1. Taking the conditions exactly as written (over 26 Å from Ser223 (Cα atoms) and either of a type in the set (Asp, Glu) or touching a Lys or Arg at 6+ places or on another chain (Cβ under 6 Å) (or both)), does Asp251 satisfy them or not?
2. Looking at (1) outside any helix (DSSP H, G or I); (2) more than 21 Å from Ala99 (Cα to Cα); (3) within 15 Å of the chain's Cα centre (by Cα), can you tell me which one Asp343 breaks?
3. Can Ala364 be described as more than 28 Å from Ala289 (Cβ to Cβ), part of a loop (DSSP other than H, G, I, E, B) and either of a type in the set (A, V, I, L, M, F, W, C) or touching a residue at least 12 places away in the same chain (Cβ under 8 Å) (or both)?
4. For the condition free of Cβ contacts under 8 Å to residues at least 40 places away in the same chain, open to solvent by 10 Å² or more (accessible area, probe 1.4 Å) and in a strand (DSSP E or B), what is the one hit in Val78, Val52, Val71?
5. I need the full set of residues from the range 397-412 which are over 27 Å from Glu161 (Cβ atoms), crowded, with 22+ Cβ neighbours inside 10 Å and among the aliphatic types (A, V, I, L, M), in order please.
6. How many residues are more than 30 Å from Leu466 (Cα to Cα) and either in contact with a strand residue (DSSP E or B) (Cβ under 7 Å, 6 or more places away or on another chain) or aromatic (Phe, Trp, Tyr) (or both) if we restrict to the range 351-389?
7. Of the residues in the range 90-101, how many are open to solvent by 10 Å² or more (accessible area, probe 1.4 Å) and touching a strand residue (DSSP E or B) at 6+ places or on another chain (Cβ under 8 Å)?
Amino acid sequence: MDRTRTGPRAPAVRNLALCALLLSALGGGVTDSAPRRTYLSYVVVAARPDAVGAATAAAAVRAAGGVTGPVHPRIGVVVAYSTDRRFAARVRRTPGIGAAGATRTAPFPVPPVSPPGGPVPLPMAGAGKDGAPAPAPRASAPRARGGPPVDVPPIVPDPREQPSWNLSMIGGDRSVDAAGPEALRRTVVAVLDSGVDDTHPDLRAAVDPARSASCASGHADPSPGAWRPLSFLPDNGHGTHIAGTIAATRDGHGITGIATGARIAAVRLLDTAGQYYAENIVCGFMWAADHGARVINNSYFSDPWKYNCPGDRDQAAVTSAVARAVSYAQRRGALVVASAGNDGQDLDASRVDRRSPNDHAAGAKPPTRHLGADCIRLPGELPGVVGVTAVDRSGALAAYSNYGAGRGWLAAPGGDPDAGPEGQIVSTWPGGRYAALSGTSMAAAHVSAAAAVEAADHPGANADLLHTLLTRAAVPRDCPSAVGRGGGCPGDAYYGRGLLALPAPETGTESGTATETATESGTVTGTESGAEAATETDTGTGTGTGTESDTTGTESGTATGTESGTVTGAETGTGAETGTGTRTETGTRTGTAG
């Protein structure tokens, strides 16, 4: 049911009048003929990535007769609206402007204003009711963002936390052991997506309302529930599915998230037209970065262009604006994770795009675009972003997954849409339900969850170190010969740095008694940070299809003894440490490590 109409016509008329007044104050020059004029949205990127640059960009917008929208002074980006199709060209001629371009091709009648206002998405039917699933979604869903086309997400019964192939493949039973629950509760993962149903029983305790918002208009709206999915959009449950894979509560019902206990910052990007426009994405990154996100999951691509090319001035401006927002988040310490896409394409090669722009009028056929490798998917191909390819239950690269060599990406379980629910990724769905989906979207969620575990275990780690920790733990892979495309099996192109593996606890299970005493003395100079922890990560290798582990074998034994000595050395990382000390240890230890 469409819940956006919540009142009589009179309040709507008053709201339109208020919009007109606000637009006039912003320089929009609204007149009686304004309803017949249509706007496009633009991003204006100043040469300076700061408040001075943002002021320059806002002045350029006004001088060109546009309406100023959201302003991002920390990155020098301004969103603007104009009815003049020559607006971007005029702004580009202004000194101090680096780029300007339209973010969409479909016009709209009235620009959004801040605060967005309007109705807040309500809980889905059946939300918050344990064991009472709502009716299945309608059969008109075009696709899940970042996932392969789907008609109806397969709704499945409550899994009751039964073991799943995807968690077994990455060692999911080790997540809480590797990073304690208290540490995970201090770790924030932002899910930029279609919205998250925080009334779902598996997500009530995971979603942090104070860190959640809607960016669907380009303005950040933290109104209670604004982050929830819109019920009238067919693929509204996509973000809820992602959030469940990352942090669903372990309570004996439903599913268990890989990083159960982590806090979810739910940021809805999907607007009422079902699009992820650049202004929404920039808003989402800025909100997540400013609200403590250690990991930011992005299982979508920037609409309306599947790939943005540097030779197109509109697309180049979109790339520049989103890149600045991503870079800002990375500087704030967030690891940015993104799906590789589901067109089965080699991103290092020339390719064809028959789906862009995707905000065209109903019935219109987009032109066929012949693209080079310099046309990129946003945000997944930006510097420092961890792209994720998808594997199926056998461990082979999924047929739909994009891929590319030399990118430092990772592979993770994404499932097979033709394999039935048992071969897909089962996770939470709005209305207290569960659904089975496949795609690089699902694979990205696994990597984001693993990054949250690493972040909880290394609270001082920055984005680069988190990436390093993930790649060190990953299991190198070469694709099975039967899956080779074009006569080869390039493991790096298909699997990047390897198949995702959660960090193993530093010790296995131990029994017995141990007594340890130590005395240390010395002098310490320099500084330390989480970079030291990276040198202590224990990794291994494993082979096989289906389930894999990064360590194999059994070890047991008993050791009794006394150790003493003097150590002098130097350590470099983010700082330096020198010192001397004496350590004495006595005890008996027995254990098994698997």
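1. Values: over 26 Å from Ser223 (Cα atoms): yes; either of a type in the set (Asp, Glu) or touching a Lys or Arg at 6+ places or on another chain (Cβ under 6 Å) (or both): yes.
The answer is yes for Asp251.
2. For Asp343, the failing item is (3).
3. Working: more than 28 Å from Ala289 (Cβ to Cβ): yes; part of a loop (DSSP other than H, G, I, E, B): yes; either of a type in the set (A, V, I, L, M, F, W, C) or touching a residue at least 12 places away in the same chain (Cβ under 8 Å) (or both): yes.
Yes.
4. Working: Val78 fails: open to solvent by 10 Å² or more (accessible area, probe 1.4 Å); Val52 fails: in a strand (DSSP E or B).
Result: Val71 is the single residue among Val78, Val52, Val71 that is free of Cβ contacts under 8 Å to residues at least 40 places away in the same chain, open to solvent by 10 Å² or more (accessible area, probe 1.4 Å) and in a strand (DSSP E or B).
5. Leu397
6. At the first step, the residues of the range 351-389 found to be more than 30 Å from Leu466 (Cα to Cα) are 351-372.
Still in the list and also either in contact with a strand residue (DSSP E or B) (Cβ under 7 Å, 6 or more places away or on another chain) or aromatic (Phe, Trp, Tyr) (or both): 351-353, 356, 368-371.
Looking only at that region, the number is 8.
7. Step one: of the range 90-101, the residues open to solvent by 10 Å² or more (accessible area, probe 1.4 Å) are 90, 92-99.
Okay, now just the ones that are also touching a strand residue (DSSP E or B) at 6+ places or on another chain (Cβ under 8 Å), so 92, 96-99.
Qualifying residue count, the range 90-101: 5.
Condition check ((1) in contact with a strand residue (DSSP E or B) (Cβ under 8 Å, 6 or more places away or on another chain); (2) open to solvent by 10 Å² or more (accessible area, probe 1.4 Å); (3) at pLDDT 95 or above) across all residues:
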{"residue": "Gly180", "(1), (2), (3)": "no, yes, no"}
{"residue": "Leu184", "(1), (2), (3)": "no, no, no"}
{"residue": "Val189", "(1), (2), (3)": "yes, no, yes"}
{"residue": "Pro209", "(1), (2), (3)": "no, yes, yes"}
{"residue": "Ala226", "(1), (2), (3)": "yes, no, yes"}
{"residue": "Asn236", "(1), (2), (3)": "no, yes, no"}
{"residue": "Gly239", "(1), (2), (3)": "yes, no, yes"}
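The values are calculated or read from the model by the stated rules, or taken from the named source; none is laboratory data. What you see is a predicted model; the values in this text were computed from it and never measured. Ideal geometry is used to build each Cβ from the backbone, glycine not excepted, and the neighbour counts take in all protein chains shown. Surface areas here come from the heavy atoms of the whole protein model, side chains and all, with no ligands, DNA or RNA. Shrake-Rupley method; radii C 1.70, N 1.55, O 1.52, S 1.80 Å.
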